[in-house]
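Single-structure report; data block below.
The values are calculated or read from the model by the stated rules, or taken from the named source; none is laboratory data. Here the structure is a predicted model, which means the values were calculated and not measured. With ideal geometry, Cβ positions are generated from the backbone for all residues, glycine too; neighbour counts draw on all protein chains shown. In case anyone asks, the SASA skips ligands and DNA or RNA and just uses the protein heavy atoms, side chains included. Shrake-Rupley method; radii C 1.70, N 1.55, O 1.52, S 1.80 Å.
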Amino acid sequence: MTMKLSFDGDWSATVTVTDDPLPIAPRLTGDSVDVARYADVMERERFVADTFGSQHWLWDTPDVFRFDPDSRKLVGAELQMPYLSAYAETSVRVPVLPAVRQGGLRADEVRDFRQEMCTVLCRAPGDAVLICLRDLDVLDEPLEACIGIAPDVALVVQHGTVVGWTLTDPAQYLANTFTDPDPDPPSPATRRLLTECLDLVTTPVVDDVVDGEPAALARLRAADEALRAQREDRHRADALLELIATYVEDYGNW
(Lines give C-alpha, C1' and ligand atoms only; values in the text may rest on other atoms or scores of the structure.)
Protein backbone atom coordinates (compact mmCIF):
# COMPACT_ATOMS: atom_id res chain seq x y z
CA MET A 1 0.00 0.00 0.00
CA THR A 2 1.29 3.45 -0.85
CA MET A 3 0.13 6.97 -0.07
CA LYS A 4 1.43 10.44 -0.83
CA LEU A 5 2.23 12.85 2.00
CA SER A 6 2.49 16.60 1.64
CA PHE A 7 4.83 18.70 3.74
CA ASP A 8 5.12 22.49 3.97
CA GLY A 9 5.45 24.38 0.70
CA ASP A 10 3.66 21.70 -1.36
CA TRP A 11 6.70 19.42 -1.15
CA SER A 12 5.70 15.76 -1.12
CA ALA A 13 6.99 12.28 -0.42
CA THR A 14 5.55 8.86 -1.17
CA VAL A 15 5.05 6.47 1.72
CA THR A 16 5.23 2.77 1.05
CA VAL A 17 3.42 1.45 4.09
CA THR A 18 4.84 -2.04 3.62
CA ASP A 19 8.41 -0.67 3.58
CA ASP A 20 10.62 -0.99 6.64
CA PRO A 21 10.85 2.18 8.75
CA LEU A 22 14.20 3.52 9.95
CA PRO A 23 15.82 0.94 12.27
CA ILE A 24 17.19 3.71 14.51
CA ALA A 25 16.12 4.23 18.13
CA PRO A 26 15.04 7.86 18.68
CA ARG A 27 16.75 10.12 21.21
CA LEU A 28 14.62 12.48 23.30
CA THR A 29 17.23 15.07 24.22
CA GLY A 30 14.82 17.56 25.75
CA ASP A 31 15.16 19.97 22.84
CA SER A 32 14.18 17.50 20.13
CA VAL A 33 13.56 13.91 19.13
CA ASP A 34 16.45 12.81 16.94
CA VAL A 35 16.35 9.78 14.66
CA ALA A 36 19.84 9.66 13.20
CA ARG A 37 23.13 7.80 13.53
CA TYR A 38 25.61 10.68 13.80
CA ALA A 39 27.64 10.67 17.03
CA ASP A 40 29.07 14.20 17.16
CA VAL A 41 28.86 17.62 15.54
CA MET A 42 31.27 16.78 12.72
CA GLU A 43 29.36 13.64 11.79
CA ARG A 44 26.13 15.61 11.82
CA GLU A 45 27.61 18.22 9.47
CA ARG A 46 28.73 15.48 7.07
CA PHE A 47 25.31 13.86 7.31
CA VAL A 48 23.59 17.11 6.33
CA ALA A 49 26.07 17.76 3.51
CA ASP A 50 25.50 14.29 2.04
CA THR A 51 21.69 14.40 2.14
CA PHE A 52 18.83 16.70 1.13
CA GLY A 53 15.51 17.82 2.61
CA SER A 54 14.64 20.23 5.39
CA GLN A 55 17.32 21.59 7.73
CA HIS A 56 18.22 24.29 10.23
CA TRP A 57 19.36 27.71 8.99
CA LEU A 58 21.11 29.97 11.52
CA TRP A 59 18.48 30.69 14.22
CA ASP A 60 15.70 28.97 12.31
CA THR A 61 14.90 25.54 13.78
CA PRO A 62 12.21 23.77 11.74
CA ASP A 63 11.66 20.03 11.81
CA VAL A 64 14.41 18.25 9.91
CA PHE A 65 13.85 15.41 7.44
CA ARG A 66 16.90 14.22 5.49
CA PHE A 67 16.84 11.97 2.43
CA ASP A 68 19.51 10.05 0.54
CA PRO A 69 20.04 11.73 -2.88
CA ASP A 70 20.43 8.41 -4.73
CA SER A 71 17.55 6.34 -3.33
CA ARG A 72 15.53 9.41 -2.20
CA LYS A 73 14.65 7.42 0.95
CA LEU A 74 14.39 9.00 4.40
CA VAL A 75 17.63 8.46 6.34
CA GLY A 76 17.16 10.67 9.41
CA ALA A 77 14.98 13.21 11.20
CA GLU A 78 15.11 15.80 14.00
CA LEU A 79 11.72 16.79 15.40
CA GLN A 80 11.63 19.91 17.54
CA MET A 81 9.75 19.88 20.84
CA PRO A 82 6.95 22.48 20.79
CA TYR A 83 7.80 24.04 24.15
CA LEU A 84 10.91 25.56 22.54
CA SER A 85 8.70 27.92 20.54
CA ALA A 86 7.47 31.24 21.91
CA TYR A 87 4.10 30.32 20.40
CA ALA A 88 3.92 26.85 21.92
CA GLU A 89 0.76 25.74 23.67
CA THR A 90 0.00 22.75 25.84
CA SER A 91 -3.35 21.16 25.21
CA VAL A 92 -5.30 18.84 27.49
CA ARG A 93 -7.28 17.74 24.42
CA VAL A 94 -5.63 14.51 23.35
CA PRO A 95 -6.79 13.51 19.86
CA VAL A 96 -7.86 10.00 18.95
CA LEU A 97 -4.95 8.57 17.00
CA PRO A 98 -5.36 6.06 14.17
CA ALA A 99 -3.46 2.80 14.47
CA VAL A 100 0.19 3.21 13.51
CA ARG A 101 1.15 1.76 10.14
CA GLN A 102 4.88 1.26 9.66
CA GLY A 103 6.17 2.93 6.53
CA GLY A 104 9.26 4.13 4.74
CA LEU A 105 9.33 7.60 3.14
CA ARG A 106 10.67 8.19 -0.35
CA ALA A 107 10.94 11.74 -1.70
CA ASP A 108 9.22 12.43 -5.00
CA GLU A 109 12.07 14.73 -6.05
CA VAL A 110 15.54 15.80 -4.91
CA ARG A 111 14.83 19.26 -3.56
CA ASP A 112 15.30 21.03 -0.24
CA PHE A 113 12.22 22.25 1.59
CA ARG A 114 11.18 23.64 4.97
CA GLN A 115 8.94 21.87 7.49
CA GLU A 116 7.59 24.19 10.20
CA MET A 117 7.99 22.86 13.73
CA CYS A 118 4.91 21.96 15.75
CA THR A 119 3.42 24.48 18.18
CA VAL A 120 1.06 22.32 20.23
CA LEU A 121 2.00 19.60 22.71
CA CYS A 122 -0.69 17.12 23.75
CA ARG A 123 0.22 14.90 26.69
CA ALA A 124 -1.46 11.56 27.30
CA PRO A 125 -1.95 10.41 30.94
CA GLY A 126 1.38 9.55 32.52
CA ASP A 127 3.13 10.97 29.46
CA ALA A 128 2.98 7.55 27.85
CA VAL A 129 2.72 9.34 24.49
CA LEU A 130 3.74 12.83 23.41
CA ILE A 131 1.63 14.17 20.54
CA CYS A 132 2.99 17.25 18.80
CA LEU A 133 0.75 19.08 16.35
CA ARG A 134 1.09 21.94 13.87
CA ASP A 135 -1.60 24.06 15.55
CA LEU A 136 -4.80 23.82 17.56
CA ASP A 137 -6.95 23.68 14.40
CA VAL A 138 -5.72 20.12 13.85
CA LEU A 139 -7.79 19.06 16.88
CA ASP A 140 -11.03 20.13 15.20
CA GLU A 141 -11.09 17.28 12.66
CA PRO A 142 -10.30 13.56 12.70
CA LEU A 143 -6.79 12.43 11.91
CA GLU A 144 -6.28 10.33 8.81
CA ALA A 145 -3.23 8.22 9.57
CA CYS A 146 -0.16 7.68 11.72
CA ILE A 147 2.89 6.50 9.78
CA GLY A 148 5.60 4.88 11.89
CA ILE A 149 8.90 6.09 10.45
CA ALA A 150 11.09 4.71 13.28
CA PRO A 151 10.65 2.77 16.54
CA ASP A 152 7.85 4.52 18.50
CA VAL A 153 8.01 7.59 16.21
CA ALA A 154 5.09 8.29 13.88
CA LEU A 155 4.03 11.13 11.60
CA VAL A 156 0.46 12.37 12.03
CA VAL A 157 -1.44 12.87 8.77
CA GLN A 158 -4.61 14.89 8.12
CA HIS A 159 -6.02 15.44 4.61
CA GLY A 160 -2.83 13.97 3.17
CA THR A 161 -0.62 16.52 4.94
CA VAL A 162 1.87 15.90 7.74
CA VAL A 163 0.43 17.91 10.64
CA GLY A 164 2.44 16.52 13.53
CA TRP A 165 4.22 13.58 15.04
CA THR A 166 4.11 11.30 18.07
CA LEU A 167 6.63 9.67 20.39
CA THR A 168 5.44 6.64 22.35
CA ASP A 169 7.06 5.89 25.74
CA PRO A 170 9.24 9.03 25.75
CA ALA A 171 10.89 8.06 29.06
CA GLN A 172 12.47 5.08 27.31
CA TYR A 173 14.28 7.33 24.85
CA LEU A 174 15.64 10.06 27.12
CA ALA A 175 19.28 10.62 26.18
CA ASN A 176 21.92 13.30 25.91
CA THR A 177 22.69 14.73 22.48
CA PHE A 178 24.68 12.26 20.32
CA THR A 179 24.25 9.48 22.93
CA ASP A 180 22.23 6.36 22.21
CA PRO A 181 19.37 5.79 24.65
CA ASP A 182 19.74 3.11 27.30
CA PRO A 183 18.06 -0.08 26.02
CA ASP A 184 17.00 -1.04 29.56
CA PRO A 185 13.57 0.16 30.76
CA PRO A 186 13.52 3.46 32.67
CA SER A 187 12.97 3.37 36.42
CA PRO A 188 9.65 4.44 37.94
CA ALA A 189 11.44 7.47 39.40
CA THR A 190 12.57 8.54 35.92
CA ARG A 191 9.03 8.27 34.59
CA ARG A 192 7.70 10.41 37.44
CA LEU A 193 10.43 13.00 36.98
CA LEU A 194 9.83 13.19 33.23
CA THR A 195 6.23 14.16 33.94
CA GLU A 196 7.31 16.68 36.55
CA CYS A 197 9.89 18.25 34.22
CA LEU A 198 7.39 18.48 31.38
CA ASP A 199 4.99 20.18 33.78
CA LEU A 200 7.70 22.68 34.68
CA VAL A 201 8.48 23.69 31.09
CA THR A 202 4.91 23.91 29.79
CA THR A 203 1.88 26.02 30.64
CA PRO A 204 0.45 26.69 33.12
CA VAL A 205 3.29 25.78 35.52
CA VAL A 206 6.06 27.43 33.48
CA ASP A 207 4.13 30.73 33.65
CA ASP A 208 4.15 30.48 37.45
CA VAL A 209 7.89 29.73 37.39
CA VAL A 210 8.61 32.81 35.29
CA ASP A 211 6.33 34.92 37.52
CA GLY A 212 8.24 33.77 40.60
CA GLU A 213 5.37 31.91 42.27
CA PRO A 214 6.90 30.28 45.41
CA ALA A 215 5.15 26.92 44.94
CA ALA A 216 6.32 26.62 41.32
CA LEU A 217 9.88 27.62 42.21
CA ALA A 218 9.88 25.04 45.01
CA ARG A 219 8.84 22.37 42.50
CA LEU A 220 11.63 23.45 40.15
CA ARG A 221 14.27 23.25 42.86
CA ALA A 222 12.93 19.91 44.10
CA ALA A 223 13.07 18.40 40.60
CA ASP A 224 16.62 19.63 40.12
CA GLU A 225 17.71 18.16 43.44
CA ALA A 226 15.96 14.84 42.81
CA LEU A 227 17.60 14.45 39.41
CA ARG A 228 21.05 15.25 40.77
CA ALA A 229 20.60 12.73 43.56
CA GLN A 230 19.23 9.95 41.36
CA ARG A 231 21.67 7.07 41.02
CA GLU A 232 19.90 4.83 38.55
CA ASP A 233 19.23 5.95 35.00
CA ARG A 234 22.02 8.52 35.17
CA HIS A 235 21.99 9.27 31.44
CA ARG A 236 18.24 9.81 31.49
CA ALA A 237 18.50 11.95 34.62
CA ASP A 238 21.16 14.08 32.93
CA ALA A 239 18.90 14.56 29.90
CA LEU A 240 16.10 15.78 32.18
CA LEU A 241 18.52 18.12 33.94
CA GLU A 242 19.27 19.67 30.55
CA LEU A 243 15.55 20.06 29.93
CA ILE A 244 15.06 22.28 33.01
CA ALA A 245 18.59 23.75 33.17
CA THR A 246 17.70 27.19 31.78
CA TYR A 247 14.85 27.62 34.25
CA VAL A 248 17.00 26.45 37.16
CA GLU A 249 19.72 28.92 36.18
CA ASP A 250 17.33 31.83 35.66
CA TYR A 251 14.84 31.26 38.47
CA GLY A 252 16.15 28.53 40.80
CA ASN A 253 17.71 30.97 43.27
CA TRP A 254 14.71 33.26 43.65
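A few notes on this one:
- Solvent-accessible area per residue for the chain (1.4 angstrom probe, square angstrom): 48
- Percent carbon-and-sulfur accessible area, the chain, ignoring ligands, DNA and RNA, probe 1.4 Å: 52
- Relative contact order of the chain, defined on C-alpha pairs under 8 angstrom at six or more residues apart (%): 19
- Loop-located trypsin sites (Lys or Arg not before Pro) in segment 106-168 (DSSP state other than H, G, I, E, B) with a sparse environment of at most 14 neighbouring Cβ atoms within 10 Å: Arg111.
- Shape of segment 36-135, Cα gyration tensor, a/c cut at 1.5: prolate
- For segment 143-254, the square roots of the Cα gyration tensor eigenvalues, ordered a ≥ b ≥ c, give a/c of at least 1.5 with a/b no greater than b/c, which places it in the oblate category.
- For the chain, built as a Gaussian network whose Cα springs stay under 10 Å, the top-fluctuating residue of Gln55, Gln102, Gln230: Gln230
- Scattering curve values for the chain, log₁₀ I(q)/I(0), Debye with Cα scatterers, q = 0.15 Å⁻¹: -1.08
- When the Gaussian network model of the chain links Cα atoms closer than 10 Å, the mean-square fluctuations of Leu198, Leu167, Leu133 top out at Leu198.
- Looking at segment 74-141, the chymotrypsin sites (Phe, Trp or Tyr not before Pro) that sit in a DSSP loop and have at most 11 other Cβ atoms within 10 Å of their own Cβ are Tyr87.
- Placing unit charges on the Cβ atoms of the charged side chains and taking the dipole of the chain about its Cα centre, the candidate lying farthest along the positive direction among Thr246, Val110, Leu136 is Val110.
- Gyration tensor verdict on segment 76-115 (Cα atoms; rounded if a/c is under 1.5, prolate if a/b is larger than b/c, oblate otherwise): oblate
- Segment 77-185, relative contact order [Cα under 8 Å, separation at least 6], %: 24
- Take every Cα pair under 8 Å whose residues are at least 6 apart in sequence, average their separation, divide by the length of segment 1-81, and the relative contact order is 23 percent.
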